[in-house]
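Okay, structure first, notes after.
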Amino acid sequence: MDMRNPIFDARNIRDMLTRGYYSLSLWHCLMPSNNLSKHKVNQKNMKKQDCTFCKIVSGEIPASVIFEDEVCMAFMDVFPVNEGHCLLIPKDHFENMLDVNPEVASHLAVRLRELTKRVHGVYAPTGIINAIANGSEAGQEIPHLHIHVIPRKAGDEFGFRFPEGYRDEMASREQLEETGKKLSNVNVRD
Ligand SMILES: [Zn+2]
């Protein structure tokens, strides 16, 4: 069994960041959830037989759990970039941000805030990354939605790398308007 965790391996971060895309702290887009009873069992509740994170949820694979509730679980990453690096996952098997339902996503947002504050409370790092990889080209290795909370420190050699020439030229207003309109108009209703 491949026990590798979907850690941002510093050796691969370059490719991951230049070829993929991340959802970085996009939680402000999500409405807070105040009615988790609406959370319905659906096909996404099906455990994936070979999913490492589903096995952690079921207890088949051990994990150092920070907290859990009926919807989510937070535990330590087995390949920490820095001490305190942990993960937050939904207990149900959603692949990533593209298929998670809004209620679970909202709940994760609230608990992500808490987890981030916990990391801050223990390590008081100078920075903390919240990161999600959606899809293999973004660096997602385990296809079960997970959010990294990574405390940063100077010299840890982890981080985003931008392609050469990045910021040499600012995008034109016309380009940005056109792209913004596409994103405004696309239908994303569940
Ligand atoms: Zn799973």
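The values are calculated or read from the model by the stated rules, or taken from the named source; none is laboratory data. These figures come from a predicted structure and were not determined experimentally. So basically every Cβ, Gly included, is an ideal-geometry build from the backbone, and we count neighbours across all protein chains shown.
Overview of values
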quantity: Condition met for residue 61 (under 25 Å from residue 159 (Cα atoms), of a type in the set (A, V, I, L, M, F, W, C) and touching a helix residue (DSSP H, G or I) at 6+ places or on another chain (Cβ under 8 Å)); calculated: no
quantity: Residues being away from the ligand (no atom under 15 Å from the Cβ) and buried (at least 19 other Cβ atoms within 10 Å of the Cβ) - total across the stretch 139-156; calculated: 5
quantity: Of the criteria (1) assigned to a helix (DSSP H, G or I); (2) farther than 17 Å from residue 76 by Cα, which one residue 120 fails; calculated: (2)
quantity: Count - residues of the stretch 42-66 that are of a type in the set (S, T, N, Q), modelled with pLDDT of 95 or more and more than 13 Å from the ligand (Cβ to nearest atom); calculated: 1
quantity: Qualifying residue in the stretch 117-130 (condition: on the phi > 0 side of the Ramachandran plot and either surrounded by 10 or more Cβ atoms within 10 Å (Cβ to Cβ) or in contact with a helix residue (DSSP H, G or I) (Cβ under 6 Å, 6 or more places away or on another chain) (or both)); calculated: no
quantity: Per-region count, the stretch 79-112, residues within 16 Å of the ligand (Cβ to nearest atom) and of a type in the set (Val, Ile, Thr); calculated: 3
